[in-house]
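The values are calculated or read from the model by the stated rules, or taken from the named source; none is laboratory data. A quick note: this is a predicted structure, and the numbers were derived from the prediction, not measured. Every residue, glycine as well, gets a Cβ built from its backbone with ideal geometry; the counts of neighbours run over all protein chains shown.
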Amino acid sequence: MRTMKYMLKVSLCLLLWITGTCRAGCGFRANYDKRPLKNTSRSFFQSRIVGGSEALPGEWPWTVSIQERRNHFCGGSILNAWWILSAAHCFKEDGVYHMRVQVGMTYFQKKKEVIKVKTIFSHPLYNSTELDSDIALLLLTEPIQFNVLKRPICLPLAGELEYDDWHSCNVAGWGTVDFKNDRVERKLRKAQVFLIKFKTCQDWYGQLTSNMICAGHEEGGPNACKGDSGGPLVCKYVKDGLWYEVGIVSWGIGCGEKRQPGVYTLVSRFVNWTIETTAAAGKPYVPDEQRLAKEEEEEEEEEEPPFDTTATSSATTTTTTTSTTTTTTTSSTSTASTSIISSTTLSTVPNVPVVPNVPVVPAVPNVPVVPAVPNVPVVPVSLMFLLSLMILLFLLSLLSLLSVMSHLSNPSPPNCKLSKKISRFN
């Protein structure tokens, strides 16, 4: 009985894992976005990536460690199976012989998945003095195999960054927890930060460009520090509940100090460059096509009403005006044309057959306009069939295993005839 209960629990967990892993799209955490995170207590803000708290496995599945000769030196984020997004100031040289990316982990260990870097593409307008356009793309030698611990992050569209649309922003990395100490943390740490208006941050620093965005706490608090460069600043979008990379850890003065927030590269300014660069390299990054198609459909529904009431009312007005003009003209000329019609015109008009009385059709009442039904996304039949087949095969194997175990626990009685034959040889 205990074995059966255990197997049922295993099957339920496997089913939940399959449904979580097979969910397509970026910015989704299979084990965390089903329920809200409980990290809004005061103790969370008192801990000071400088500060912060340890992240759990799969909590930030797009965060990666960029290493050289097995030593962590910068962070990055998974853009898709082939590309890693990071900061340009992390890469001083073009050589990538000893460079690799560690994915799907929260703390450094011996058994880990690493992929070598093939090429680095820094932004052509990157300024190492002002750290403007501080963004780079890393092309991997082999694709990442996604699961609950490794998932891509979404990128915002240009012009989409409205401060009120983003909440619950977080930054994660393996950087030092003390500005005076260069020791890298072995466990991934996270910190909740808040977006700061550009004008406010510019008053504090006075040296920002339009390609930068600030995040942190006005009174000081957890934030990014040394070793976190290149890591993602991710925020949850209020309209779809997915996570987007709003910024890339770039620079700052100190770590978590008062009115000295972290400065990040504004990702929405470089989405077009990302698409063009990846396409030119032969491994194109395509933004979330479903989200773009949905937005276009919503715009078309708003711009095109179900019935063109304006054209109908305009045509009605034109007809009424024409009828009024015709009636006026006929009334003004009826007296002058009476004698002419009686003497000449009537003799030339052919005999017109009399039309019988046609019953009057009652007016059709106004039918209420039925609103257009929005396009409902259809789940691919092949995916549903595959999931159903996998679940069916698992249940069949489970039943077979249970039957074998029950047979072993209750063996059949021995064959008496066979035992007698064997006893003769004793």
### Task
Mind counting the residues in region 147-168 that are surrounded by fewer than 21 Cβ atoms within 10 Å (Cβ to Cβ), at pLDDT 90 or above and assigned to a strand (DSSP E or B)?
2
### Query
Can residue 122 be described as closer than 20 Å to residue 211 by Cβ, surrounded by fewer than 13 Cβ atoms within 10 Å (Cβ to Cβ) and out of contact with any Lys or Arg (no Cβ under 7 Å at 6 or more places or on another chain)?
no
